[in-house]
Every structure is written in C-alpha cells, then in structure tokens.
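Notes for the one structure printed next.
Where a number appears in this text, it was derived from the coordinates with a stated rule and is not lab data. Since the structure is predicted, the reported quantities are computational estimates derived from the model, not experimental observations. Neighbour counts run over all protein chains shown; Cβ positions are idealised from the backbone, glycine included.
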Amino acid sequence: MPSSIISDVRLIGQHDQGFRACVARERAARAALCIENSTTDSHIVSPVIAAPATTRSRPNVSVGRLVEGAIRQWLGCQIKSECNTVLTWREQADHARRRHYAELDFLHRVDSDTVAVFEIKFLTDEWMLVLKGIDQLDRAERVLQHLPASRNVLKRLVYVGDGSLEIPALPVIDPSDMRTSQGVIWVDAATVESLSLDRGAPLPEDWQSRPHRALYPWLHPVRAARPAQEELPARRVA
C-alpha cells in the first residue's frame, strides 16, 4: 500500500461521531441485506445461532463477541490498553479520498514509537492453521506506520485453545512479550468461561462448539450443499 494514497491517519475513541455514523450505516446495510435474503431465499438459516433460552446470555450478542470481551479483559489485567482503539484514515479510491475505520481489538503502547496490536479470534482449528486474522493485523500495521508514534508495530493473534495446536508459521508468545515482532497467544477455555461469568455475561453451555467456521470446502469434505456464511462482526467497518 503506497504511502502516497494514505493520509490523515488517527487513533480515535469509539464515541467519535464519524465512527458511530459509519457503524450505523454498516448495520443498516446488513439489515437490509438480511431482509432481501429472507425474501428471496427464505430457507437459508441465519449464521448467528441464538443462545438457548436457559442461558443468561444477553440477546443479540454473538458467542464470538462474548468471548472477545472476556479475552480483552484478560489482556487488560496483564498489560495496559490504549483508550483510543479505532483506527481511521483517508485513502485514495476512484479519484476521491474516502475515510475508512477499523476497530482494533486491543492496542498496547510499548514506547514512543512502538505499539502492539492484538487481534482476538474464536475459530475452528482450520481457520487458526491458516492464520485467520493476520490480514487485519497486516492492514493495521500498514496504516499505523504512517503515524510517527507507531512506526514499529508488533502483531499478535489471540486464539482460544490450550496451545496443543501447532501453528508453524508463528511462535507462541506471552502477552507481556514486547520483543517478538509477531506471534500467537493462547487463552484456554476455562479462563474464558471464568472471566465471562465474572463479567456478568456467561457463555452458553455449548459455546465451544460454535466458533467461526472455515468456508474452504477442501477443509471440510463432508458439508451440507449450501455452506453457512461467515458471520459479519458489527464492529468491522471499512
């Protein structure tokens, strides 16, 4: 991504009016798409599976969002989080400079010119093996490097698991490691469950069977004729 097409890079808070307006537009577009899909192909089931009525999970909050919140708290107990975690910038597109937004899961200031960016994912093994989320970290790195205070970006993928799944492409690191350029941080399921309960947002009993699932057919040879679409997280805006 050439530096000449990126400008006005900033880190802002979630209450920024421009960001909130963009989130609202994205939600409206998704809602309209869902309505359109339901009228043209009514037999397609929504990819968001509702929690059983016996659980106390908040309505309309996906398991992935609950897991992400618990892990964000877990990270915050070990390293300090930056308050402004929404990355915004202008980029050349169709002879016009459009403003883009991307919410970072967790951002830690290491020193005057170094930041650590964490991307939290609750995924199947297949997605973790192909480093799902690394593209979002790469994008954040390319944009952040236009800020003098973030010339150096450390990239961290945070996955749910006990660490037994080996990912050769990245080393396993500790959250407090501020030397390794990129790595994987594992958070075990028991920790996620405990923190979710403490936060007043307990996870459904079957939460571990409900990660984002890979759409690659060669990773799932036995699938239904129509694979489920990957859930679109509300926080992603671009």
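Observations
- What the Cα convex hull of the stretch 134-219 gives, in volume per residue, is 157 Å³.
- Around the amide H of residue 161, modelled in the peptide plane, lie the amide H atoms of 187, 188, 189, all under 5 Å away and 5 or more residues distant in sequence or on another chain.
- Once backbone amide H atoms are built at 1.01 Å from N, residue 124 has 212, 214 as its partners under 5 Å, excluding neighbours fewer than 5 places away on the same chain.
- The alpha-carbon positions of the stretch 3-216 define a convex hull whose volume is 158 Å³ per residue.
- Those lysines that a straight Cα-Cα span of less than 19 Å connects to residue 80, excepting residues fewer than 8 apart in one chain: 155
- Take each peptide in 148-155, 198-205, 162-169, count the other Cβ atoms within 10 Å of every residue, and average; sorted highest first, the result is 148-155, 198-205, 162-169.
- The mean sequence separation of alpha-carbon pairs under 8 Å and at least six residues apart, normalised by the residue count of the stretch 3-216, gives a relative contact order of 24 percent.
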